[in-house]
Amino acid sequence: AAGITLDGVDKVYRGGVKAVSGVDLTIDPGEFMVLVGPSGCGKSTLLRMIAGLEEVTAGRVHIGDTDVTNKLPQQRDVAMVFQSYALYPRMSVRRNMEFGLRMRGTKAAERKARAAEVAETLGLAHLLERRPAALSGGQRQRVAMGRAIVRRPKVFLMDEPLSNLDAKLRVSMRAELSRLHQRLGVTTVYVTHDQIEAMTLGQRVAVLRDGVLQQCDTPANLFHKP
Ligand code: ADP
Ligand code: ADP
């Protein structure tokens, strides 16, 4: 696993909206970091700058020892999961999960083994030959996660991945995400506006407001400090 370092990161969108201001943040290798704050505070923008989907206006982004500030998403070895699942509707679960590996030229036997392993971890082993339309919302979101992690990225980024699910499923998926993280040990950055989700999932929680990092600490310390 590789850590992530943000040094003085700013984002000003065309039109002048200052979405992120002077963020300094170090995420340790293998850590589960949650970015939390109200809608519009810049969480997604910050995550997208780590992914390389959005350029920084100022500052530097490092993944491990590499300065990735000017690198494209595909050069960063990150995987990202969004709120909407964006699965390929005509492909089976297995094909969806293997897709990224296929693009990278991974051999069929290896693709199959890795997809099977990830499917097992996510409780999808019995659903591998189904199409997305024949899955529940929670199962689809698991496939989206499986598709992201099957490549064994250095960094796993999630933007409100549970917010399309009903409340009960969200709670059970939290536990599942924690287990998945323990098992993979991949550096994870997770965006949510839900404080309880943040406190439950995060080893540390970074609180953003109006594009500024307010505090970053363990849930216990954040909870007990005034
Ligand atoms: P959050 O994820 O916390 O809801 P965002 O990062 O999506 O916050 O947005 C932060 C601010 O940047 C908001 O004011 C939002 O309107 C603005 N913003 C987001 N994306 C764009 C964009 N592509 N162009 C212009 N402004 C944007
Ligand atoms: P498998 O994963 O079962 O070993 P292959 O990867 O050998 O299958 O793919 C078999 C063929 O099916 C290839 O020519 C591939 O381009 C094609 N293919 C892949 N995905 C789809 C899809 N969703 N629908 C139709 N054909 C596909």
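Cα-based count: Lys pairs in the chain below 23 Å, eight or more positions apart or different chains? Value for the chain: 10. The local environment of Asp210, defined by Cβ-Cβ distances under 15 Å, has a net charge of +3 under the rule Lys, Arg +1 and Asp, Glu -1. Backbone N atoms of region 80-99 closer than 19 Å to the 7 Å Cα→Cβ label point of Tyr13 belong to residues 82-84. Reducing region 99-133 and region 36-86 to their Cα centroids gives an inter-centroid distance of 26 Å.
Put a plus charge on the Cβ of each Lys and Arg, a minus charge on the Cβ of each Asp and Glu, and nothing anywhere else: the dipole of the chain about its Cα centre is then about 1040 debye. In this structure region 1-152 gives 48 Å² per residue of accessible area when probed at 1.4 Å with all protein chains present. Running a GNM on the chain with Cα contacts under 10 Å, which residue among Arg183, Arg114, Arg174 ends up with the highest mean-square fluctuation? So, out of Arg183, Arg114, Arg174, the one fluctuating most is Arg183. Note on Arg130 and Thr26: the extension gain reaches 33.4 nm, defined as 0.36 nm multiplied by sequence separation minus the Cα-Cα distance.
The values are calculated or read from the model by the stated rules, or taken from the named source; none is laboratory data. In this text the structure is predicted, and so the values were computed from the model without any measurement. We place every Cβ from the backbone using ideal geometry, glycine too, and count neighbours over all the protein chains shown. When the accessible area is computed, the model is the full protein with side chains, heavy atoms only, and any ligands, DNA or RNA have been set aside. Shrake-Rupley method; radii C 1.70, N 1.55, O 1.52, S 1.80 Å.
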